[in-house]
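Just below is one structure, and these are the notes that go with it.
The values are calculated or read from the model by the stated rules, or taken from the named source; none is laboratory data. In this text the structure is predicted, and so the values were computed from the model without any measurement. Neighbour counts run over all protein chains shown; Cβ positions are idealised from the backbone, glycine included. Note: accessible area is taken over every heavy atom of the protein model, side chains too, but ligands, DNA and RNA are not part of it. Shrake-Rupley method; radii C 1.70, N 1.55, O 1.52, S 1.80 Å.
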Amino acid sequence: MSKGPGLFVDIGKKAKDLLTKDYTSDQKFTVSTYTGAGVAFTSTALKKGGLSTGDIAALYKYKNSQFDVKVDTDSNISTTITFTEILPSTKTIASFKVPDYNSGKLEVQYFHDHATFTTTVGLNQTPGVDVTATIGTPAIAFGAEAGYDTTSGKFTKYTAGISVTKPDSCASILLGDKGDSIKASYVHYLDQQKKSAAVGEISRRFSTNENTFTVGGAYAVDHLTLIKAKLNNHGRLGALLQHEVVPKSLLTISSELDTKALEKSPRFGLALALKP
């Protein structure tokens, strides 16, 4: 694939990952194993409140193809098939879920040195269509996204964004919710490995005049231990400790607290991922 501006979903993704990725208030246990034939199996058990769920997934890569199948405790079977370079500079992704036969989607991604395009079509009788386009370079990119409902003949969404990326920082602005919201974020990396970083994000919803400002960051204590924290202007405080117990086996402990309602008990989450 080309080294172009990236996909539209990449705009603002670095800040989003720092503020949301791996944070959990639930108990989660994941085990991954690999066979000699190149098949990866992942089993996940999740306890949320008094409800326990689980799934098992298998991932197989063969040349330019990738097959991903997941079965959960509700008897849902999710399948994703990815083909790379069927046509030059393209990636094709087909996904569907059984027994929800209307959930099928087909996505085609096209990569160019100065632009990327994606088209996603629902595989049902009244398909929805999502289109994204991004132009620019790895340093600066402009993008837009639109969704169209073929049944009603109306646009379901339209979003525009811009991102500026430097070796030690990344900034982005997204105008979404059909122009009803705007979000700006900035990430500054504190080391060359980009493991320690500070992030700030501010969003505003025009219809309700609601503003949300969030600051956070990640600090690599050493090559095995990572600490993350975040706080917004509504008093929501989150903290996370992640440690690599053995190679590729991560233990994650996170908690969330409403500082404006300290009489309430904080919510703690525990996630354990084991990979050989």
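Calculate the dipole size of segment 48-170 relative to its Cα centre from +1 charges on Lys and Arg beta carbons and -1 charges on Asp and Glu beta carbons; express the result in debye to the nearest 20.
Dipole of segment 48-170, to the nearest 20 debye: 40 debye.
Convert 20 °C to kelvin, take the viscosity as 1.002 mPa s, use the Kirkwood radius over C-alpha pairs of segment 43-185 as Rh, and evaluate the Stokes-Einstein diffusion coefficient in µm²/s, rounded to a whole number. Numbers along the way, then the final one.
Details: Rh = 17.9 Å.
Taking Rh from Cα pairs, D becomes 120 µm²/s.
Annotation: per residue accessible area for segment 67-171 equals 58 Å², rounded to a whole number [probe 1.4 Å, protein chains only].
Note on the chain: helix-only mean residue ellipticity at 222 nm, from DSSP H runs of 4+ residues weighted -39500 (n - 2.57) and normalised by residue number, equals -1000 deg cm²/dmol. If one puts a single equal scatterer on every Cα of the chain and applies the Debye formula without solvent, what log₁₀ I(q)/I(0) results at q = 0.11, 0.12, 0.14 Å⁻¹? Debye output, listed in q order: -0.85, -1.04, -1.46. Calculated over segment 101-162, the projected area of the Cα convex hull averaged across directions stands at 4.4 nm². Strictly greater than 18 Å: what percent of every Cα pair in segment 59-129 meets that? Roughly 48 percent, once rounded to a whole number.
Please work out the Cα convex hull volume for segment 1-85 and give it in Å³ per residue. Display every interim value, and only then the final one.
Numbers: hull volume 12.3 nm³, N = 85.
Here the figure is 145 Å³ per residue.
Treating r as the C-beta distance of Thr35 and His243 and R0 as 25 Å, the FRET efficiency rounds to 0.35. Got a sec? Charge dipole of segment 81-144, +1 on Cβ for Lys and Arg, -1 for Asp and Glu; which of Val131, Phe111, Leu87 is way out at the positive end? Sorting the options by dipole projection puts first Val131.
If you take all C-alpha pairs in segment 29-70, what percent of them are over 17 Å apart?
Above the 17 Å cut-off, segment 29-70 has 40 percent of its Cα pairs.
Which longest uninterrupted range of the chain lacks any GluC sites (Glu not before Pro) assigned by DSSP to a loop state (not H, G, I, E or B) and surrounded by at most 12 other Cβ atoms within 10 Å? Result, exposed sites excluded: 86-262. Charging the Cβ of each Asp and Glu at -1 and of each Lys and Arg at +1, and nothing else, the dipole of segment 24-96 about its Cα centre rounds to 140 debye. When the solvent-accessible area of segment 50-194 is split by element, carbon and sulfur atoms take up 61 percent of it, the probe being 1.4 Å.
Over the Cα atoms of segment 143-194, Rg to Rh with Kirkwood Rh, two decimal places?
1.21
List the pairs from Lys70/Lys178; Lys21/Lys97; Lys183/Lys228; Lys28/Lys230; Lys14/Lys105; Lys157/Lys230 whose alpha-carbon separation is above 32 Å, in the order I gave them. Kindly include the intermediate steps, with their values, before the conclusion.
Details: Lys70/Lys178 34 Å; Lys21/Lys97 25 Å; Lys183/Lys228 21 Å; Lys28/Lys230 21 Å; Lys14/Lys105 26 Å; Lys157/Lys230 29 Å.
Over 32 Å apart, Cα to Cα: Lys70/Lys178.
For segment 71-110, what ratio Rg/Rh do Cα atoms give with a Kirkwood hydrodynamic radius? When Rh is taken as the Kirkwood radius, the ratio is 1.12.
About its Cα centre, the dipole of the chain is roughly 240 debye, where the only charges are +1 on Lys and Arg Cβ and -1 on Asp and Glu Cβ. Normalised by the number of residues in segment 15-69, the average gap of Cα pairs under 8 Å and 6 or more apart makes the relative contact order 24 percent. Averaging 1/r across all pairs of distinct Cα atoms in segment 186-231 and inverting the result yields a Kirkwood radius of 11.9 Å.
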